[in-house]
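These notes are about the structure you will find just below.
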């Protein structure tokens, strides 16, 4: 029977997470570790111990912003950002959703814009997220300021190889 560790490693399809010896360099560099329920190396330890429900039900997997600071600091090149992506997908498949309010809606809006054009389209993603979350006006002033300063383009570039993007979504069953 496949363990939780085996399942995560198989889905990461890279450096096995048992190579982590818990030096905590990932946690020391993580810009969001202060807000996480469990720090990155604790998540790895929990996976190694088979604590599936705790890991998939934690807010930590949803707070990771995939900045990849962890992998650049890891002496064993454990790809924690990829691991967090896998864990989020496993949580969705398990029906657990996200512990953090509206973060799954943001995740869905993010993936939807990638599926649509192969890249992030901030205005479309923002509209989708706002409609899904029902939080329509809380940061409208900031959005207008960003647009006026040229930080929020109305039209984002589209990926030329959309077939490759579709293939990625098909292969990952998104």
Query raised in the report: Tell me, what is the percent relative contact order of the stretch 11-147, built from C-alpha pairs under 8 Å that lie six or more residues apart?
Result: 20 percent
Query - Helix axis angle, 122-133 relative to the chain longest principal axis, alpha carbon, degrees - result: 80 degrees
Report task. Multiply the residue separation of residue 23 and residue 149 by 0.36 nm, subtract the distance between their alpha-carbon atoms, and state the gained length in nm to one decimal. Result -> 41.1 nm
Report task. Translational diffusion coefficient, Stokes-Einstein: compute it for the stretch 5-70 using the Kirkwood radius over C-alpha pairs as Rh, at 37 °C and 0.692 mPa s, and state it as an integer in µm² s⁻¹. Result -> 268 µm²/s
Query raised in the report: Quick one: which of 117-125, 146-154 comes out on top by average Cβ neighbours within 10 Å, and what's the full order, highest first?
Result: 117-125, 146-154
Query raised in the report: So what's the back-of-envelope 222 nm ellipticity for the chain, counting only DSSP H runs of four-plus at -39500 (n - 2.57) apiece and dividing by all residues, rounded to 500?
Result: -15500 deg cm²/dmol
Requested in this report: Please report Rg over Rh for the stretch 1-146, where both radii come from the alpha carbon positions and Rh follows the Kirkwood definition.
Outcome: 1.00
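Can you give me the relative contact order of the stretch 103-171 as a percent, contacts being Cα pairs under 8 Å and 6 or more apart?
Value for the stretch 103-171: 39 percent.
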Report summary line: Among the Cα-Cα pairs of the stretch 103-171, the proportion with separation greater than 13 Å, in percent, is 67 percent
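Label the stretch 67-117 by shape, choosing from rounded, prolate and oblate, from the square roots a ≥ b ≥ c of the eigenvalues of the Cα gyration tensor; if a/c is under 1.5 it is rounded, and otherwise prolate applies when a/b is larger than b/c, oblate when it is not.
prolate
Bear in mind that the values in this text are calculations on the coordinates, not laboratory data. Since this is a predicted model, take the numbers as computed values, not measurements. Cβ atoms come from the backbone with ideal geometry, glycine included; neighbour counts cover every protein chain shown.
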